[in-house]
Amino acid sequence: MTRSAVALRGARLSYGDRVLWDGLDLEIEPGEFIAVLGPNGSGKTSLMRVLLGLQPLSAGTVEIAGGNRRRIGYIPQQRAVDHSLTLRGRDLVGFGLDGHEWGTGLRGRGVRRRKVDEALAAVGATSYADAPIGLLSGGEQQRLRVAQALVGDPEVLLCDEPLLSLDLAHQRSVSDLIDARRRTADTAVLFVTHEINPVLPLVDRVLYLVEGRFRIGKPSEVMTSETLSELYRTNVEVVKVRDQILVVGACEEGQSHHLAGEDA
Amino acid sequence: MTFGQLLGIDFVQQALIAGAVLGLVAGVIGPLVVTRKMAFAVHGTSELAFTGGAAALLLGVSVGYGSLIGSVVAALLLGLLSQRDSDRDSVVGSILAFGLGLGILFVALYKGRTTNKFGLLTGQIIGVDTTNLWLLVGSSVGVLAVLAFIYRPLHFASVDPDVAVARGVPVKTLTIVFAVLVGVATALSVQIVGALLVLALMITPAAAACRVTASPLRATVLSVVFAEVAVLGGILLSLQPGLPVSAFVTAISFVIYLVCRAIGVRQRRST
């Protein structure tokens, strides 16, 4: 049997008296696509920090990528980049390969260049790889982010709201790139998002976090009126409209984006 | 004296060697300083180098060591107190003001030659004697060696801190280490161009280079070339009229900056 890409066992995270989640058991198989959903402050970002090794658990254990954190790829959300930043797309991608390494790295520059070129080509970013990064669109920057995360040949891909602030077409193309990777290379994907609809067809399982309560399961099991009402402890209605899931009634701050209307 | 005779003088030759070494260090560090938006921090550090130098004058020890200690202490303070970008401006401002005040007190208490005092602020090539030259070369080699070792993670942390943290780069530690490197480089520059004009060597050439290329490597090479032209050209031009070096260094680097800005604007229009 192959080992899990990610294994959380009895995981608990608390700050003082405040418990973000407790008793969290989650095993992610290679090639599996997990979406992490929940309102703001439910501990999605903290979960990400735990998996990245930046935040110790209060209790329980975490194993990821066989203990080799270099085999973790990370895609952050798109942020505005300074227009005058002295950096090209290929430099950003190069960071994903050896940005963490000490020393000059003068040997092996040929191999490095080839790997970066391949990663750029794989996301279709070759044509703008040498342009100043601050002049690229948000979608182009996120493609580079995908290349940056994939160039290190990750076993686990952690994505923190990578589609935020992208338009629909770019949401589609970026999530397709991530999906292609897990299919060809069996990379496990943990995808933190506010908005499940752009990735709904790709998702194997959902981890839904609400105020310390959580539920793990297939989208069809978790994204139901019954389950979400239980999680939110209020009357929540889940409506399917064509291929979209709408969550109604959990409209506290940070929840409204479940409405498909925000996509457009 | 003719120009050729001037070039034969020991202290002129020492100044040229010192200038060449400085141009290299400042040129390499500059693009990182610009990327990290640390121009004001560099200025603050150089004011503290002045304070250290003034204290050294008063105590009768080498000004080179005084300014080195002053700016490294300043760099450590800035690195430790301003981990958050939002704090940095006000922290630098407060430390700079206090340090400058202290330096003026030391200078006022000093009873020696006034040119020594003035030299700390505006630079003087006579200040580079053999001892200082060795200190300068030694420190420069040290700075470049450390920089070569930490360059990739430092660059990563400077332009892409969120992902760098996620990839396990010790971003906070690097901030402090880099601040110390900047401190050392600043203290060295103070000896040639003076505390007030370190920016002309550490910022202007790099800012000019970043205008014309988006490649970090090319920007660094250009920044070194610009810094060398400014500092060596400045020293040579200052010899005959006997005017302060810093005036010429700043003038040359500013002209380069203006030219690069113009080229940068044309490049962006054509793409």
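The values are calculated or read from the model by the stated rules, or taken from the named source; none is laboratory data. Keep in mind that what you see is a predicted model, and the values were worked out from it rather than measured. Cβ placement follows ideal geometry from the backbone for every residue including glycine, while neighbour counts extend to all protein chains displayed.
Here is how the numbers come out for the structure above:
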read-out	value
Residues that are without any contact (Cβ under 8 Å) to a residue 12 or more places away in the chain and among the aliphatic types (A, V, I, L, M), drawn from the stretch B:82-103	B:97
Breaking point among (1) more than 9 Å from every other protein chain (Cβ to nearest Cβ); (2) touching a strand residue (DSSP E or B) at 6+ places or on another chain (Cβ under 7 Å), for residue A:122	(2)
Among (1) under 30 Å from residue B:209 (Cβ atoms); (2) of a type in the set (A, V, I, L, M); (3) modelled with pLDDT under 85; (4) surrounded by fewer than 24 Cβ atoms within 10 Å (Cβ to Cβ), the one test that residue B:9 misses	(1)
Matching helices (runs of 4 or more DSSP H) fully within the stretch B:167-263 where at least 3 residues are of a type in the set (Val, Ile, Thr), farther than 20 Å from residue B:12 by Cα and modelled with pLDDT of 90 or more	B:171-193, B:216-239
Candidates A:89, A:139 - the one that is under 30 Å from residue A:201 (Cβ atoms), within 11 Å of chain B (Cβ to nearest Cβ) and touching a helix residue (DSSP H, G or I) at 6+ places or on another chain (Cβ under 7 Å)	A:89
Residue in the stretch A:59-76 that is within 13 Å of chain B (Cβ to nearest Cβ) and assigned to a loop (DSSP other than H, G, I, E, B) present	yes
Pairs with Cβ under 6 Å, 6+ apart, first in the stretch B:139-157 and facing chain A (nearest Cβ under 10 Å) and without any contact (Cβ under 8 Å) to a residue 60 or more places away in the chain, second aliphatic (A, V, I, L, M) and assigned to a helix (DSSP H, G or I)	B:156/B:164; B:157/B:164; B:157/B:171; B:157/B:174
Extreme residue, modelled with the highest pLDDT, among residues of the stretch A:74-119 that are buried (at least 18 other Cβ atoms within 10 Å of the Cβ) and of a type in the set (Asp, Glu)	A:91
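Let's see how each residue does on (1) of a type in the set (Asp, Glu); (2) closer than 18 Å to residue B:80 by Cβ; (3) buried (at least 20 other Cβ atoms within 10 Å of the Cβ):
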site: B:153; (1), (2), (3): no, no, yes
site: B:156; (1), (2), (3): no, no, yes
site: B:160; (1), (2), (3): yes, no, yes
site: B:165; (1), (2), (3): no, no, no
site: B:169; (1), (2), (3): no, no, yes
site: B:179; (1), (2), (3): no, yes, yes
site: B:187; (1), (2), (3): no, no, yes
site: B:190; (1), (2), (3): no, no, yes
site: B:202; (1), (2), (3): no, no, yes
